[in-house]
Structures are given as structure tokens and as C-alpha cells.
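The values are calculated or read from the model by the stated rules, or taken from the named source; none is laboratory data. From a predicted model like this one, the values you see are computed outputs, not experimental measurements. Note that we place each Cβ from the backbone using ideal geometry, even for glycine, and neighbour counts take in every protein chain shown. The area values use the complete protein model at the heavy-atom level, side chains included, leaving out ligands, DNA and RNA. Shrake-Rupley method; radii C 1.70, N 1.55, O 1.52, S 1.80 Å.
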Amino acid sequence: MKLSFMAALLFCGICFGQNNTDNSLYMKAEKISYLTDIGSESGDLYQTIGHHGPAVENEWMALRIYFSDKVAIDVYNKAKKGLELKAAHWYPTPEQQKEGWGADYYKVGATVGLGGVKLWDGEKVVPLNPVTNRLAHVGKTENTSYMEMISRGVSYKGKKVDIKVRVTVFSGKREAKVEAFSLTGEKVQFVTGVNYFKGFETKKGSNYIAVWGKHPEDVAAEIVEVGAAIKYNPKDYVKNTDDGTQYLLISKPGKYLATEIVSACAKEKEINTLDKLEAYIK
């Protein structure tokens, strides 16, 4: 069978050049018109932005950063590989979920979620709030999509600091990269980690924490077991702690921190148990 020139180009693009990632940022109150940037002096656009903040996705999961005092990272898990964010807007109907779409099985609550970032003042966790301004930005490269949240004027140890959190997803790679920056040049102690609930199973290694279980979520059509893991460089941290709702990693003082996060769920074919998730991480 001979392919036309255009068909051949399309075929090559699918094989070698397709970017299987996407991003999404838009206001609820209007016909959806996608944005690249938005900001608020109050630091809270939770109710007015679609899916409560900027979002990105790869073939296996979508992630969002809450545009509120939380600045936590939430997960949208998928039952099958593919891009769903622009069509589902994070909340597919029950009928769509039964047809094989993903859903928001993950519940963040008052935690960092999966790989979210806060600060540590030496004694306690400091939220990235209140702020003088909070900004969200999304973008796309040849083989990635990313989202950023900048929290300006955060009070930290008697000073004001500006903190940026960037989440990048990569075409053909399950893990997402989370980066935290101190933009004002002050060294800070970052806090990150992963949350869990009663009945969860946990696996820990020298450079990872993985959890698996049912989140008490109420926006999905059904409750599905979810796995979540964070991979980190142990040399970057001075303390690990468990507050009963989340495993937290407290960094050394610095201006930059990077981790990788990954999620899976029981409805997947590839990684549908904690043992498989741990094996993948290793």
C-alpha cells in the first residue's frame, strides 16, 4: 500500500513527533477561551477558574495546582491512555466515566496533595498564603506541557519571599517533574510530600514514598483505588515527618528543589496495584 505525501507526513508525525501532553487554563464565567496567564492580588481564583486552577496532562494522568491558599497538587487518574483534559474539563459525566473516561478519584483536603509545595520555618509548615499577588501560567514545548504558580509576598521568617512552583509533564513519560524556586534569592526550606488516608498501604525506599488506597472522594461516579508516589534526592532533605494525613519531606535551606511524581489507579491495565507501582519506581 502506497501512502500519499501528506499521509506519510501525518504518519511520521504520529510516530515520531506527536506531543502527548496538554495544558488548560480558562475562566468559568465565559465561553471557554483558553488563557496562558492569569493573576489575582487576593491569591484566590478557586471558584472562577475552570478546574480550580491551571492543569496539565500526559497520557496517564492530569494534574492541577489549586489557585487558592492551598497551592496543592491534585490528580485526575485515567483508566486508559490518552488526552482528556480539553474534552472532560476535569469532570466527565458519570456516563462518560462508565464509558472508560478517567475521573477525579484523588482527594487533597488540607494537605500538599501529591508533590505540592509549602515552606518550613524550623518548627511548622508555612502555607504560600497570604500573598500580595498570585500568578498562574501555562505553556507547551515540542514534547512537554507545563504549569506554573507564583506566590508573591509570602511571609517567611520575618521577610517576604516569592515562590514559584512549576509542574512539567513529558510526552511518553509517566512521571511529572515538580520544581520549586525562591525567586527573591532568599534561601528557604521547602516542604513537599504525599498524602494518604486510613487503610492506605505504604512503600518506602531510600528515594521514594509510594501509597495506595481509596480516597474519600465524592465527585467521581465511583470510588477507585489510587496510587501516588514521589521520588526525591535524599541529599536535598534534612527531615521526614508524618502528621497523620501526609508524609512530608523537609528540605535543606536552598533556592531550588526538584522532585518527580507519578500516579496510577486500579482501573488501569499497566499499573493497578501498589506492588506494580513500586516496581515501576524502582
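Just a few scattered comments:
- Number of the condition not met by residue 128 [criteria: (1) touching a helix residue (DSSP H, G or I) at 6+ places or on another chain (Cβ under 9 Å); (2) open to solvent by less than 10 Å² (accessible area, probe 1.4 Å); (3) hydrophobic (A, V, I, L, M, F, W, C)]: (1)
- For the criterion of being surrounded by fewer than 20 Cβ atoms within 10 Å (Cβ to Cβ) and within 22 Å of residue 49 (Cα to Cα), residue 72 fails.
- Taking strands (runs of 3 or more DSSP E) as the structural unit, those lying wholly within the stretch 186-282 and holding at least 3 residues that are among the small types (Gly, Ala, Ser) correspond to 225-231, 256-265.
- Looking only at residues in the stretch 39-69 that are of a type in the set (Val, Ile, Thr) and open to solvent by less than 30 Å² (accessible area, probe 1.4 Å), the one that is nearest to residue 152 (Cα to Cα) is 65.
- Restricting the stretch 241-278 to residues that are in contact with a Ser or Thr (Cβ under 9 Å, 6 or more places away or on another chain) and open to solvent by 20 Å² or more (accessible area, probe 1.4 Å) leaves a set whose member that is nearest to residue 202 (Cα to Cα) is 247.
- Restricting attention to the stretch 1-55, the residues that are modelled with pLDDT of 95 or more, charged (D, E, K, R) and touching a Ser or Thr at 6+ places or on another chain (Cβ under 9 Å) total 3.
- If the condition is being open to solvent by 20 Å² or more (accessible area, probe 1.4 Å) and touching a Pro at 6+ places or on another chain (Cβ under 7 Å), then the stretch 164-213 contributes 187, 189, 197, 206, 207.
- Condition met for residue 107 (under 28 Å from residue 197 (Cβ atoms) and either basic (Lys, Arg) or open to solvent by 10 Å² or more (accessible area, probe 1.4 Å) (or both)): yes
- Selection over the stretch 229-261 of residues that are among the aliphatic types (A, V, I, L, M) and more than 23 Å from residue 110 (Cβ to Cβ) gives a count of 2.
- Every residue from the stretch 57-77 that is touching a Lys or Arg at 6+ places or on another chain (Cβ under 8 Å) and touching a residue at least 60 places away in the same chain (Cβ under 8 Å): 58, 59, 60, 61, 67, 71, 73, 77
- Just one residue in the set 258, 229 is at pLDDT 95 or above and closer than 25 Å to residue 151 by Cβ; that residue is 258.
- Check on residue 202, over 18 Å from residue 63 (Cα atoms) and out of contact with any strand residue (DSSP E or B) (no Cβ under 6 Å at 6 or more places or on another chain): no
- Residues of the stretch 184-195 that are closer than 21 Å to residue 274 by Cβ and out of contact with any Phe, Trp or Tyr (no Cβ under 7 Å at 6 or more places or on another chain): 192, 195.
- Tallying residues that are acidic (Asp, Glu) and either in contact with an Asp or Glu (Cβ under 7 Å, 6 or more places away or on another chain) or surrounded by 14 or more Cβ atoms within 10 Å (Cβ to Cβ) (or both) within the stretch 75-104 yields 2.
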